[in-house]
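Peer 1: Quick one: the structure is below, and I'll ask about it shortly.
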Amino acid sequence: MATTHMESVDSTSLEARRLVSAPRCEREAFVVSAAVQPAGVGRRGRAGVSPRGGVWLTAAWPCGQDAAWYGTLPLAVARVVHGLVGDTLGDGFEERIRIKWPNDVLVDGAKVSGVLCERIETGGGAWMLVGVGVNADFDEGALEGLGRSATTLRAVLGRAVDAASMRRTLEERLLAALAAFDREGGAGVREAGEVRLAWLGREVVI
């Protein structure tokens, strides 16, 4: 399974889409990552803020099952990111890290990561494009103007974190999780993730 890291690309999601749509694309999983994404893409086409110091990547996975099989995949991916964030922050943060269904990971209620899963059809078959962004090691001032609460792992810890090491770990864990999901599906994903979901048992205003 190939991994490609670039200095800059408009969007790792768009790059992955271009690669799987190429006439001679082989049906093998791969990951595209970038140090900077000038045109990062979020959920519902929203623009993503992707400065240097973050973890920005998209995994392309050749679907081995029909579309319904992947219904709980975003939660499975969020669990992977939840574990990565927990490992980075260390002891004492377990109860402060939560998953906001369907696609965010929060620390103390502020977004530190987003997940975007898309299934696309190409001439060579169906693919899942799994995009992950982690606000790792940059000044949280870069997130101003988003209109929603967001922070970075550096701001939470008050010190630098190793974004490159996080990216390599995430690539490995994400591909392993996708392989397991393709074999086993989402059985147990909701139950395992439920204890990590944000705002369970609380009254919220939408």
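Peer 1: Under unit Cβ charges (Lys, Arg +1; Asp, Glu -1), what dipole magnitude, rounded to 20 debye, does the stretch 34-143 have relative to its Cα centre?
Peer 2: 360 debye
Peer 1: Also, I was wondering about something else. Using a 1.4 Å probe on the protein heavy atoms, what percent of the accessible area of the chain belongs to carbon and sulfur?
Peer 2: Answer for the chain: carbon and sulfur cover 49 percent of the accessible area.
Peer 1: Which of PHE181, THR152, ALA16 sits closest to the plus end of the dipole of the chain, meaning its Cα is farthest towards the positive end, when Lys and Arg get +1 and Asp and Glu get -1 on the C-beta?
Peer 2: Of the listed residues, the answer is ALA16.
Peer 1: Angle check, please: helix 12-21 long axis (alpha carbons) against the longest principal axis of the chain (alpha carbons), in degrees 0 to 90, nearest 10.
Peer 2: The angle comes out near 10 degrees.
Peer 1: To continue, here is another question. Taking the Cα-to-Cβ direction at ALA2 and at ALA187 and moving 7 Å from each Cα, how far apart do the two end points lie in nm?
Peer 2: Placing both labels 7 Å along Cα→Cβ, they lie 3.5 nm apart.
Peer 1: Taking +1 at the Cβ of each Lys and Arg and -1 at the Cβ of each Asp and Glu, which of HIS82, ALA126, THR58 sits farthest along the dipole of the chain towards its positive end, judged by Cα position relative to the Cα centre?
Peer 2: It is ALA126, whose Cα lies furthest towards the positive end.
Peer 1: List the residues whose amide H sits under 5 Å from the amide H of THR122, counting only those 5 or more places along or on another chain, with H placed 1.01 Å from N in the peptide plane.
Peer 2: Here TRP127 satisfy the definition.
Peer 1: Suppose every Lys and Arg Cβ carries +1 and every Asp and Glu Cβ carries -1, with no other charges. What dipole size does the chain come out with about its Cα centre, to the nearest 20 debye?
Peer 2: Dipole size: approximately 340 debye.
Peer 1: Using mean Cβ contacts within 10 Å as the protection proxy, how do 151-158, 162-169, 58-65 order, highest first?
Peer 2: Those peptides, ordered most packed to least, come out 58-65, 151-158, 162-169.
Peer 1: Let me know the shape class of the stretch 1-125, please: from the alpha-carbon gyration tensor, a ≥ b ≥ c as square roots of the eigenvalues, rounded when a/c is under 1.5, otherwise prolate if a/b is greater than b/c, or oblate.
Peer 2: prolate
Peer 1: Using Cα atoms only, what is the angle between the long axis of helix 73-89 and the major principal axis of the chain, expressed in degrees (0 to 90) to the nearest 10?
Peer 2: With rounding to tens, the tilt is 50 degrees.
Peer 1: Averaged per residue, what accessible area in Å² does the chain show with a 1.4 Å probe, protein chains only?
Peer 2: 50 Å²
The values are calculated or read from the model by the stated rules, or taken from the named source; none is laboratory data. Keep in mind that what you see is a predicted model, and the values were worked out from it rather than measured. Here the Cβ is made from the backbone with ideal geometry for all residues, glycine too, and neighbour counts use every protein chain on show. With ligands, DNA and RNA removed, areas are computed over all heavy atoms of the protein, side chains included. Shrake-Rupley method; radii C 1.70, N 1.55, O 1.52, S 1.80 Å.
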